[in-house]
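A.B. asks: This is the structure, below, for whatever I ask next.
The values are calculated or read from the model by the stated rules, or taken from the named source; none is laboratory data. A quick note: this is a predicted structure, and the numbers were derived from the prediction, not measured. Every residue, glycine among them, receives a Cβ derived from its backbone with ideal geometry; neighbour counts consider all protein chains shown. In case anyone asks, the SASA skips ligands and DNA or RNA and just uses the protein heavy atoms, side chains included. Shrake-Rupley method; radii C 1.70, N 1.55, O 1.52, S 1.80 Å.
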There are 2 protein chains.
Amino acid sequence: MARVLVTGASGFVGRHVVEQLAGRGHEVHAVARAGVGADVPGVRWHAADLLDGASAAALVREVAAEALLHLAWYAEPGAFWRSPENVRWVEASLALARAFVDAGGRRLVVAGTCAEYDWHDGLCSEASTPLAPATLYGRSKHALEIVLSGLAVEAPLSFAWGRIFFVYGPGEHPARLTASVVGALLRGEPARLSAGTQVRDFLHVADVAGAFVALVESDVQGPVNVGWGDPTPVRRLAELVAEIVGRPELLRLGALGAAGEEPPLVVADPRRLRDDVGFTPRFDLRTGLQDTVDHAVAASRA
Amino acid sequence: MARVLVTGASGFVGRHVVEQLAGRGHEVHAVARAGVGADVPGVRWHAADLLDGASAAALVREVAAEALLHLAWYAEPGAFWRSPENVRWVEASLALARAFVDAGGRRLVVAGTCAEYDWHDGLCSEASTPLAPATLYGRSKHALEIVLSGLAVEAPLSFAWGRIFFVYGPGEHPARLTASVVGALLRGEPARLSAGTQVRDFLHVADVAGAFVALVESDVQGPVNVGWGDPTPVRRLAELVAEIVGRPELLRLGALGAAGEEPPLVVADPRRLRDDVGFTPRFDLRTGLQDTVDHAVAASRA
């Protein structure tokens with residue numbers, strides 16, 4: 001059991017991480033700008049604006065955690081791909097890591113992204129797929145990884161970098177893909193989508209969180225894909241949601257044009273996560289979407 | 001003619017840059033921590049600690065330059081390869097670039113390094129040599145380039161990145177290679193070196209500065225090697241210095257063991273600098289070393 005500092009703790013992935021870490025007996029220090037989140041036994045909440053380096057460093061010193069799980073980032077749907085806010089988050093993340101080194105931290109785990117890979121390759125493997133991010137978001141995460149893995153050698157620090165693929169599940173921002181389809185169908189409104197031929201790799205948020213918890217507890221070094229490894233056309237995901245909700249007639253596949261820059265295939269090679277980290281997802285796509293719809297139904301009745 | 005803000009202006013390369021920019025009629029705003037440097041007509045000095053983001057941003061706003069030439073970095077000989085100070089300079093450089101964007105800046109030129117390349121390749125070409133920095137210094141510079149080139153697209157900003165190879169010349173830190181050989185031989189002391197079989201690419205500091213001045217004045221985008229393209233064994237450089245000083249008997253080649261990690265070959269492909277930027281060095285190695293020795297002799301008599 002360890003003392004773990006979690007940033008982005010009130011976010012989509014962070015909420016699940018905090019619960020799971022506490023459930024496994026860790027002493028969890030959860031950071032959020034507002035400083036409050038779900039009241040979970042074993043979790044202490046801290047208010048800090050990580051973009052303010054001095055207050056972030058003071059918190060890191062005060063908590064003196066053995067492990068730091070850094071999930072916080074700018075995540076406004078749509079805007080996050082190109083926003084200069086990404087640059088500020090590189091700065092803030094580097095300052096945070098330096099503070100963690102100075103405070104005697106041992107294990108650093110940071111959220112990366114599949115957008116670091118060259119998406120022309122399609123199947124993304126940590127060892128062999130070129131890293132050629134096409135967006136400021138992907139570049140910023142990739143650059144952060146490059147510096148942190150060098151800092152980890154010199155500090156020294158045990159360091160892993162979890163590259164998140166496509167996440168869905170309870171608590172997702174309503175403007176994002178799965179949540180928007182679930183929301184529209186449950187409201188009895190049409191869900192307008194592209195033809196949905198692009199193939200992605202979807203993982204339930206509780207499993208994404210579980211993968212990060214496993215990374216915190218392991219001593220695996222370097223990049224690890226956080227994905228299922230199951231190539232899924234977007235239309236297949238939409239059709240499963242429609243089937244679960246029971247409103248297939250509301251699905252409007254092809255109603256929207258394809259986004260110009262959408263790559264046809266982005267799928268994780270999941271072997272490192274399963275074999276080296278020893279993590280296996282609880283949900284497949286059908287049970288994960290069922291869980292997502294169940295939560296949405298429950299929330300609408302609450 | 002443009003208003004140009006130069007960081008690292010009192011450094012080895014920076015002093016030459018400031019003189020040359022002013023000589024070409026630009027309005028030069030030179031930044032140094034101490035805030036003073038050579039009294040050159042057309043150069044105004046500013047004191048700022050770039051590691052203090054707020055004061056750096058205030059200066060950038062106040063000067064409102066069209067071009068920013070960012071040379072400042074942590075440069076302690078030997079220590080700079082592995083120091084965590086590199087991480088702070090990534091943060092400071094990103095904050096500086098954001099401030100420049102916010103202040104309406106147009107052209108950004110930043111000093112990179114040949115240490116970004118995979119040195120197993122030897123001949124370093126911007127278009128084809130893999131980037132695989134082996135040190136925290138190389139990683140930090142490479143990461144900075146990745147973020148800045150993404151920010152340049154979004155800002156938008158005209159952006160070039162000059163990868164410096166091996167610099168020598170007047171004003172070099174006495175602990176560095178060429179200056180230490182020149183210094184020892186002029187004092188009549190033995191110069192102890194490795195066998196010197198490793199091949200490098202040496203460029204006189206006035207030409208390195210000239211290349212950056214040309215980059216500021218051009219609109220070339222992306223990485224540009226700042227090197228001569230002349231493969232030179234270190235022993236050849238040492239022998240030339242000894243010949244110029246007239247003390248070949250003081251050269252002790254092979255007196256030191258080779259450093260374990262020294263790559264055999266690091267040479268620039270110089271074509272982009274010559275063809276796209278249109279810059280040609282003034283000094284070849286012999287005339288450049290003669291100039292270096294002449295300055296050292298003059299300085300010792302002053």
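A.B. asks: If you place +1 on the Cβ of every Lys and Arg and -1 on the Cβ of every Asp and Glu, how big does the dipole about the Cα centre of chain B come out, in debye to the nearest 20?
C.D. replies: For chain B, the charge dipole is close to 440 debye.
A.B. asks: Put a label point 7 Å from Cα along the Cβ direction on A:G254, then list its distances to the equivalent points in the other copies in nm, shortest first.
C.D. replies: Shortest to longest, the spacings are 7.9 nm.
A.B. asks: Amide H of B:E66 versus every other amide H placed in the peptide plane: which residues, excluding those fewer than 5 positions away on the same chain, fall under 5 Å?
C.D. replies: For B:E66, whose amide H was placed from the backbone, the distant partners under 5 Å are B:R3.
A.B. asks: Could you list log10 I(q)/I(0) for the stretch A:152-288 at q = 0.13, 0.17 Å⁻¹, which the Debye formula gives when each Cα is one point scatterer?
C.D. replies: -0.61, -0.92
A.B. asks: Hey, another quick one. Calculate, for A:A127 and B:R282, the FRET efficiency according to 1/(1 + (r/R0)^6) with r their C-beta to C-beta distance and R0 56 Å; round to the nearest 0.05.
C.D. replies: Working from the Cβ atoms, E equals 0.75.
A.B. asks: Can you give the accessible area of B:R271, probe radius 1.4 Å, in Å² rounded to 10?
C.D. replies: 150 Å²
A.B. asks: Would you be so kind as to identify which of A:V18, A:S93, A:A57 lies farthest towards the positive end of the dipole of the stretch A:1-93, taking Lys and Arg as +1 and Asp and Glu as -1 on Cβ and the Cα centre as origin?
C.D. replies: Among A:V18, A:S93, A:A57, the one farthest towards the positive end of the dipole of the stretch A:1-93 is A:V18.
A.B. asks: Specify the residue with the greatest mean-square fluctuation among A:E66, A:E249, A:E217, computed from a Gaussian network of chain A linking alpha-carbon atoms under 10 Å apart.
C.D. replies: Highest fluctuation of the listed residues: A:E249.
A.B. asks: Further question on the same structure: At a Förster distance of 51 Å, what's the computed FRET efficiency of A:E62 paired with B:E243, Cβ-Cβ distance as r, to 0.05?
C.D. replies: 0.25
A.B. asks: Within a Cβ distance under 14 Å of B:A47, other residues only, what is the Lys/Arg minus Asp/Glu net charge?
C.D. replies: With Lys, Arg at +1 and Asp, Glu at -1, the net is -1.
A.B. asks: With +1 on each Lys and Arg Cβ and -1 on each Asp and Glu Cβ, and nothing else charged, work out how big the dipole of the protein assembly as shown is about its Cα centre, in Debye to the nearest 20.
C.D. replies: The calculation lands at about 420 debye.
A.B. asks: Between B:E154 and B:R187, take the C-beta separation as r, use R0 = 60 Å, and let me know the FRET efficiency to the nearest 0.05.
C.D. replies: 0.65
A.B. asks: Per residue and in Å³, how big is the convex hull formed by the alpha-carbon atoms of chain A?
C.D. replies: It comes to 119 Å³ per residue, whole-number rounded.
A.B. asks: Considering only protein heavy atoms and a 1.4 Å probe, what is the carbon-and-sulfur percentage of the accessible area of the stretch A:81-194?
C.D. replies: 54 percent
A.B. asks: Quick one: which residues, 5 or more positions from A:V226 or on another chain, have an amide H under 5 Å from its amide H? H modelled 1.01 Å from N in the peptide plane, none for Pro or chain starts.
C.D. replies: A:R163, A:I164, A:F165
A.B. asks: Please calculate the 1.4 Å probe accessible area of A:H295, with all protein chains present, and give it to the nearest 10 Å².
C.D. replies: The value for A:H295 is about 100 Å².
A.B. asks: What is the angle, in °, between the Cα long axis of helix B:234-245 and the longest principal axis of the Cα atoms in chain B? Nearest 10 is fine, range 0 to 90.
C.D. replies: The angle comes out near 70 degrees.
A.B. asks: Right, next: Using +1 on the beta carbon of Lys and Arg, -1 on that of Asp and Glu, and nothing else charged, what's the dipole of the stretch B:211-302 about the Cα centre, debye to 20?
C.D. replies: For this selection, approximately 300 debye.
A.B. asks: Once you have the Kirkwood Rh of the stretch A:32-79 from its Cα pairs, apply Stokes-Einstein at 20 °C and 1.002 mPa s and quote D in µm²/s.
C.D. replies: Translational D for this selection: 173 µm²/s.
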